[in-house]
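Undergrad: There's a structure below that I have some questions on.
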């Protein structure tokens, strides 16, 4: 289990190239936004119920817990290495307490945490890379960070954002098309301009 965690950590935070990250992020954006563009009527009620959907929140929170455990068990903590074992115990305890006592807007909080976790590998992959087009990745990552912080600290904003985005079909389609175009742009840059991670 420890070896698997170390392998996942090395791949995400050390071995992920700008091209690899761009392909994954681009495909995610294109796939999700293309689906959203054509499925407004079915997605609208689901998204409007999502902020208080405890099952969805539990799934997302479980994903963030596994990710956080991988991160804490493998990262270099420097002089704080002695607290690693304590953190590995506190993480699942904290997750359990959130499920039991802080389940209001659980989906929003869990999604916010997930976005904060996902931003770091994206920023790492783009760090000090040569093509100027790499800025597409940090811009997206900082957007995730900004939304993530607000959704964790003020989760009712997630409900408000969903309500605004789904208020009418034309707005929904414009937003979906924007995300699709941004994802396609990242995919093109990853395939044409961005290379693998340089050694050393």
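Rule-based calculations on the coordinates, nothing more; no lab input. Remember, it's a predicted structure, so these values are computed and weren't measured experimentally. Cβ coordinates were reconstructed from backbone atoms using ideal geometry, including for glycine residues, and neighbour counts include every protein chain displayed.
Undergrad: Could you check, for region 104-119, whether at least one of its residues is surrounded by fewer than 17 Cβ atoms within 10 Å (Cβ to Cβ), more than 27 Å from residue 18 (Cα to Cα) and touching a helix residue (DSSP H, G or I) at 6+ places or on another chain (Cβ under 9 Å)?
TA: Checking region 104-119: at least one residue is surrounded by fewer than 17 Cβ atoms within 10 Å (Cβ to Cβ), more than 27 Å from residue 18 (Cα to Cα) and touching a helix residue (DSSP H, G or I) at 6+ places or on another chain (Cβ under 9 Å).
Undergrad: Among the candidates 83, 66, 102, single out the residue that is free of Cβ contacts under 8 Å to residues at least 12 places away in the same chain, more than 20 Å from the chain's Cα centre (by Cα) and closer than 25 Å to residue 155 by Cβ.
TA: 102
Undergrad: Still on this model: So if I check each of 29, 90, which one is surrounded by 14 or more Cβ atoms within 10 Å (Cβ to Cβ) and at negative phi?
TA: Checking each option against the conditions leaves just 29.
Undergrad: So residue 42 clears everything in (1) closer than 30 Å to residue 191 by Cβ; (2) surrounded by fewer than 16 Cβ atoms within 10 Å (Cβ to Cβ) except one condition, right? Which one?
TA: Just one mismatch for residue 42, condition (1).
Undergrad: Moving on to the next point. Please go through region 121-139 and pick out each residue that is closer than 18 Å to residue 178 by Cα and surrounded by fewer than 21 Cβ atoms within 10 Å (Cβ to Cβ).
TA: Matches in region 121-139: 133, 135, 138, 139.
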